[in-house]
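Please treat every number below as a calculation from the coordinates, not as lab data. Quantities reported herein were computed from a predicted structural model and do not represent experimental measurements. As a convention, Cβ positions derive from the backbone with ideal geometry for all residues, glycine included, and neighbour counts pool all protein chains shown.
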Amino acid sequence: MLEKLNDITTFIFDVDGVLTDGTALASDTGELLRVFNIKDGYAMQLAVKKGYQLCIISGSSGQAMQKRFAGLGIQDVYLAVGNKVSVYEKYIKEKGISPHQVLYMGDDIPDLAVMQLVGLATCPRDAVDEIKQVAHYISTHNGGKTAARDVIEKVLRTQGKWFDENPLAHDSGI
């Protein structure tokens, strides 16, 4: 896996079970509330600052998610997606990205087909078995518990881009 880290220019993440622990709290208004990890947010915004492409592809939706990702500087956000493969293929074509440059992190069956198309397929420690079987790397962290930071940090450290000389307190997107 280490040799693949040098080729990564693009991170694509699922949301529920990857950037969250998969728990959704239903409010009295019917809105589903999710908990995001601040450390994941810091790593995501740093990757954007360092010039990496960062993309979200999720079957879920909600204005709170849009706001969260915008606060991290992520412009390529695809929510309420039915077919992740078609969104992925359109995205890399529009951006001129080669599949070997893509790290994808997913945790469940809807991520399987995309994970088989990318250069570096990754998943949280608590992903389902079918996903673990196709992953090139299984994080030592669960979804929503810094699994995203784990893979971003590995890539940025390998490429010598991890450290931010002038971090700001609000860089986590809050």
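Short-range pairs are left out: with C-alpha atoms under 8 Å and at least six residues apart, the relative contact order of the chain is 31 percent.
At a Förster distance of 45 Å, what's the computed FRET efficiency of Ile109 paired with Asp164, Cβ-Cβ distance as r, to 0.05? Present the calculation step by step, with values, prior to reporting the outcome.
Values: r = 36 Å, r/R0 = 0.80.
The calculated FRET efficiency here is 0.80.
Taking label positions 7 Å along the Cα-Cβ direction at both Lys49 and Gln63, the computed distance is 2.9 nm, reported to one decimal.
As a quick test, which of the pairs Lys4/Lys50; Lys67/Lys154; Lys93/Lys161; Lys49/Lys154; Lys95/Lys132; Lys90/Lys145 have an alpha carbon distance above 23 angstrom in this structure? Over 23 Å apart, Cα to Cα: Lys67/Lys154; Lys93/Lys161; Lys95/Lys132; Lys90/Lys145.
Here is how the number arises for the chain: DSSP H runs of 4 or more residues each give -39500 (n - 2.57), the sum is divided by the residue count, and the result at 222 nm is -9500 deg cm²/dmol. Its alpha carbons considered, region 2-160 gives a radius of gyration followed by a Dmax of 14.3, 49 Å.
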